[in-house]
Amino acid sequence: MHVFSALFKLHLPSTSLKGKRGIVKSLLARARNSFNVAAAEVDLQDLPGTAVLAFVTVSENRALARRLLERLEEWVVEERPDLELVAVEIEER
């Protein structure tokens, strides 16, 4: 059993926490539905222009788990060109 996690640091086109909440909630829900991952906002909740999101997946196959999170990263970039993906960390836990 292999557990992989990914941390995405994003810059958002938002100037209010209400606007940020809409962007983050939508992105997390769509990621959960499309990629079957656990997802949450894990840091910088009080800054309207920045978000740190975490995604986790579990798989019997190490390569498939890592590739799923890499595909998720590509999907975020393609699906939301208005968001700037500043940093991504993918690691096995």
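Probing with 1.4 Å while keeping every protein chain in the model, the per residue accessible area of the chain equals 59 Å².
Taking the protein heavy atoms of the chain in the context of the full set of protein chains, the accessible area attributed to carbon and sulfur is 50 percent at 1.4 Å. Taken about its Cα centre, the chain carries a charge dipole of about 320 debye when Lys and Arg each add +1 at the Cβ and Asp and Glu each add -1 at the Cβ. Rounded to the nearest 10 degrees, the angle from helix 62-79 to the longest Cα principal axis of the chain is 20 degrees. Placing dummy labels 7 Å off each Cα toward the beta-carbon, the span from Glu70 to Asn33 is 2.7 nm.
Our summary gives the chain a relative contact order of 48 percent, counting only alpha carbon pairs under 8 angstrom and 6 or more residues apart.
What is the calculated FRET efficiency for Val3 to Leu44, with r their C-beta to C-beta distance and R₀ = 25 Å, to the nearest 0.05? Given R0 = 25 Å and the Cβ-Cβ separation, E is 0.55. Each helix, a run of at least 4 DSSP H residues, gives -39500 (n - 2.57); summed and divided by the residues of the chain, these come to -13500 deg cm²/dmol at 222 nm.
In degrees from 0 to 90, rounded to the nearest 10, what is the angle of the helix 17-35 Cα long axis to the longest principal axis of the chain? Taking the Cα atoms of the chain, the angle to 17-35 is about 20 degrees.
The values are calculated or read from the model by the stated rules, or taken from the named source; none is laboratory data. Note that the structure is a prediction, hence the values are computed from the model and not measured. Counting neighbours? That spans all protein chains shown, and the Cβs are built from the backbone with ideal geometry, glycine included. Note: areas computed on protein heavy atoms with side chains; ligands, DNA, RNA excluded. Shrake-Rupley method; radii C 1.70, N 1.55, O 1.52, S 1.80 Å.
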